[in-house]
Structure formats: C-alpha cells, structure tokens
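> Take this structure first; my questions come after.
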Amino acid sequence: MSSTFPSLKVADERPVHPVTAALLARVQETADQLGTKFVVAGATARDLVLWHVHGVRAERATRDVDVAVCAISWDAYGALITGLERTGVFRASTRAQHTLMFDDPSVGYSIPLDLVPFGEIETPEGAVAWPPKGEVVMNVLGFREAVDESVEIDLGDGLKVPVVTLPALALLKILAWHDRRVSKNTDASDLLLILRNYGDAGNAARVWDDGADLLEQHGFDVDLAASALLGRESRQIASPATVNAVSAILSDEAVYDTLRRDMQARAVAQMLDDFADGSDRTLSAFRNAFLGVSAGA
C-alpha cells in the first residue's frame, strides 16, 4: 500500500453501485483464498478515487470493472479464473481472453470484469504473452507499481479494496493512450480529468507542503503546480522500465504533440473552454516534472 496516500472512504452521499460492490467483494474473497494480490484499476479506479471519494465527476460512466492480478504463473492466474467461475456468478466471455462476465440477477444485465495478469509471468518485463502459443501479447507496464502503491478504499459494509492511486493511474493512462489511441481514444480524456483535478482530489494542502518549489516555478498557479506534483510523484513510484517507456512518449516531440492535441480535443468536446486554452500548460507542467525539466527551461 502507498505510504503517501492514507486509506480513503467512499462518501455516504456518493455510494458505489451495489452491483459493483458485490462484484469486487467476490473478487476480493476469491483472491484472498488463493493468496493473490490484485488492484482495482482503469475507469473503475478513476471513478472510485475521483467521484465516490472526492466528488469529482467523470465525463462518462463505466460499466466495466478493471482488476489487475499479480500472477506468479499462468496456473495461478487460471486458478483465480476457476475460483471466480465456481462462485456461480461469473462466466467466460467471448470478447477477450482476460474478460469474465458477472451475472447479477438483480439488475438484469451482465457486467464485464477485465482481469489483467502481470508479475512473474511477464516475458519480457512489461509484457504478457497468452498461452498456449503466445500470439496475443499485452502491455502490462505500470501494473507492478500500481499494486505496490495502491490505496485502500472503504466501500462501506466492511468492504475495503486496493485501488490504483492517481499517480499510478496517470502512468497507466499515458501507456494505454500510446498503445491504443487509434482503436480506443478515451485515455486522453481520463488523463485530462486526472491532471485537471489532482489538487481537488485530496492534494490541495500537499501542493503547498510537498510542492513549494513547483509553486514557485509556476508563478504560484496552484493548478499547474498540482499537475507538476502529479508528474513528480508518478516518476517517483515508477519502475525503471516504466520510467523509460513514459519518458520516451513524453520526450518524443511528435508523439507528445499528438497527445497534447488529443487532450485539447477532449477539452473542447467537453466544452471546457477555459481549460482548453490552458491544457497545453497543464500537460507541460506534468511532463517537465516527470522528465526533471524546470519550468521555462
């Protein structure tokens, strides 16, 4: 668990949907029985941290639940899948090898559960090749630190689950954007949301306490300093391989310009006119802090 971020609690006025809570309770129970580490990731983590805890609403809701699973072997990963299916409420999906469907009769529809494996099964580091032939390869960079630096969130009724922190989620979103922007361009939108709201997500005081130098660099613009603090803390938790991959994206001017334009397009689409004008500076603040470049250098 993260030493920087204390345990969090979902606000009573913004409860997690009972079906999502029921799904996560099943995952936690099965993972605990097998001694398997996991972390809630993706848009589910985004919504838990930003909306349910801090009251920052996302542009779009999600039905999918994303969970990253630390697997010492494919047999261990398979045991988790089998354990979930034996509960009687999960079944295999035809849409992807790592997806199960959660069937809750109380809502009348199925919820996709994406179980992303990582850990000792990675070959090479940051990639998993699905058996038996290894033809399907998935990029899993960033998930090790996501588990190591997770924050515990109390969902109520005694259910507490490990969730990706915003610095780890920013890393995952940048890597995901680079991998799949042509097929799924929601990652720029999620990164935009995180950058815009890092200060409001329980970090306002920390901007002053831990980012005094960043405040000075950015002319005491608290929002820019918060984005820079996010960049610094994302690098601090990242593994060397993740640092290298994210640095390559942020330091390649052509790739970075594409990310910048994607984020600006999302700001315009969300009618965030004021932020669209400042999105370049916000992303630049994150980028410079991650790369260790002083503002204005």
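> Taking the stretch 53-83 only, how many residues are within 18 Å of ARG196 (Cβ to Cβ) and touching a strand residue (DSSP E or B) at 6+ places or on another chain (Cβ under 9 Å)?
Within the stretch 53-83, residues that are within 18 Å of ARG196 (Cβ to Cβ) and touching a strand residue (DSSP E or B) at 6+ places or on another chain (Cβ under 9 Å) number 2.
> Quick one: ASP103 ticks every box in (1) under 17 Å from VAL65 (Cβ atoms); (2) modelled with pLDDT of 95 or more except a single one, so which number is it?
(2)
> On to the next question. Out of the residues in the stretch 88-98 that are at pLDDT 90 or above and more than 15 Å from PHE38 (Cβ to Cβ), state the one that is surrounded by the fewest Cβ atoms within 10 Å (Cβ to Cβ).
GLY88
> Right, next: I need the full set of residues from the stretch 104-157 which are touching a strand residue (DSSP E or B) at 6+ places or on another chain (Cβ under 6 Å), within 22 Å of LEU84 (Cβ to Cβ), of a type in the set (Val, Ile, Thr) and touching a residue at least 60 places away in the same chain (Cβ under 8 Å), in order please.
Within the stretch 104-157, ILE111, VAL116, VAL140, VAL147, ILE153 qualify.
> Shifting gears a bit: Could you tell me which of the residues VAL243, VAL222 is at pLDDT 95 or above, of a type outside the set (D, E, K, R), more than 24 Å from ASP148 (Cβ to Cβ) and surrounded by fewer than 20 Cβ atoms within 10 Å (Cβ to Cβ)?
On the way: VAL243 fails: more than 24 Å from ASP148 (Cβ to Cβ).
Matching residue, one of VAL243, VAL222: VAL222.
> Which of the residues that make up the stretch 67-103 are closer than 14 Å to VAL27 by Cα and either touching a Pro at 6+ places or on another chain (Cβ under 6 Å) or assigned to a strand (DSSP E or B) (or both)?
Listed by number, the residues that qualify are VAL67, ALA68, VAL69, CYS70, TYR77, PHE90, ARG91, THR99, LEU100, MET101, PHE102, ASP103.
> Right, another one. (1) part of a strand (DSSP E or B); (2) under 18 Å from VAL246 (Cα atoms); (3) of a type in the set (Lys, Arg): which one isn't true of LYS160, the others all being true?
For LYS160, the exception is condition (2).
> So which residues in the stretch 248-271 are more than 16 Å from LEU191 (Cβ to Cβ) and modelled with pLDDT of 95 or more?
ALA248, SER251, ASP252, GLU253, ALA254
> From the list VAL49, VAL19, VAL89, VAL10, which residue is under 22 Å from LEU141 (Cα atoms) and touching a strand residue (DSSP E or B) at 6+ places or on another chain (Cβ under 7 Å)?
Within the list VAL49, VAL19, VAL89, VAL10, the selection yields VAL49.
> Have a look at LEU192, LEU159, LEU214 and point out the one that is more than 25 Å from GLY119 (Cα to Cα), in the same structural domain as CYS70 (by TED's automatic domain parsing) and touching a helix residue (DSSP H, G or I) at 6+ places or on another chain (Cβ under 7 Å).
LEU159
> I would also like to ask the following. For the stretch 180-227, what are the residues that are farther than 27 Å from GLY42 by Cα and either among the charged types (D, E, K, R) or in a helix (DSSP H, G or I) (or both)?
Those that are farther than 27 Å from GLY42 by Cα and either among the charged types (D, E, K, R) or in a helix (DSSP H, G or I) (or both): TRP208, ASP209, ALA212, ASP213, LEU214, LEU215, GLU216, GLN217, ASP221.
The values are calculated or read from the model by the stated rules, or taken from the named source; none is laboratory data. Because the structure is a prediction, the values reported are computed rather than measured. As a convention, Cβ positions derive from the backbone with ideal geometry for all residues, glycine included, and neighbour counts pool all protein chains shown.
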